[in-house]
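Data first, discussion second: the structure below is written as structure tokens.
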Amino acid sequence: MTSLQQEHEWLVEHHAEAERYSGRWIAILGEKIVADGKGFEQTHKKVMVEHPGAIPLVLYVPKRSEELLIL
């Protein structure tokens, strides 16, 4: 199992940068947003083309008007 701790820590520290992608999906590798898209599959595919074998943190950045529910 691969740890995504570095990506998560970067996201916590740079949430303002991620908020620029509100309403979109983003993929984070290391300490950088490497792809974005309208859906999970589109975003994940972009990462796999440019970074084969990588395991990115892919997540939706909610709009201010949306609530985020984490289960």
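The values are calculated or read from the model by the stated rules, or taken from the named source; none is laboratory data. All figures in this text were calculated on a predicted structure; none of them were measured in a lab. Heads up, the Cβs are rebuilt from the backbone with ideal geometry, glycines too, and the neighbour counts pull from every protein chain shown. Only protein heavy atoms, including side chains, enter the accessible area calculation; ligands, DNA and RNA are left aside. Shrake-Rupley method; radii C 1.70, N 1.55, O 1.52, S 1.80 Å.
A compact table of results
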{"quantity": "Calculated [θ] (222 nm, deg cm²/dmol) that DSSP helices of n ≥ 4 give over the chain, each run adding -39,500 (n - 2.57)", "calculated": "-9500 deg cm²/dmol"}
{"quantity": "Angle between the chain longest axis and helix 40-50 axis [Cα atoms, degrees, rounded to 10]", "calculated": "30"}
{"quantity": "Neighbour count of at most 13 Cβ within 10 Å plus DSSP loop: longest trypsin sites (Lys or Arg not before Pro)-free window in the chain", "calculated": "39-62"}
{"quantity": "The chain: Cα Rg divided by the 2.2 N^0.38 Å rule of thumb", "calculated": "1.06"}
{"quantity": "Rounded accessible area per residue of the range 14-71, 1.4 Å, Å²", "calculated": "73"}
{"quantity": "Backbone HN-Hα couplings from phi across the range 54-67 [Karplus 6.51/-1.76/1.60, Hz, Gly and Pro as x]", "calculated": "6, 10, x, 8, 10, 8, 8, 9, x, 6, 4, 7, 9, 9"}
{"quantity": "Added length on full extension, which subtracts the Cα-Cα distance from 0.36 nm per residue, Lys38 to Glu9", "calculated": "8.1 nm"}
{"quantity": "For Val34, distant residues with modelled amide H under 5 Å away", "calculated": "Ala27, Ile28, Leu29"}
{"quantity": "Zone residues, the range 12-35, relative to Lys63, backbone N less than 11 Å from point 7 Å out along Cα-to-Cβ", "calculated": "22-24"}
{"quantity": "Relative contact order (%) - criterion: Cα under 8 Å, at least six apart; region: the chain", "calculated": "33"}
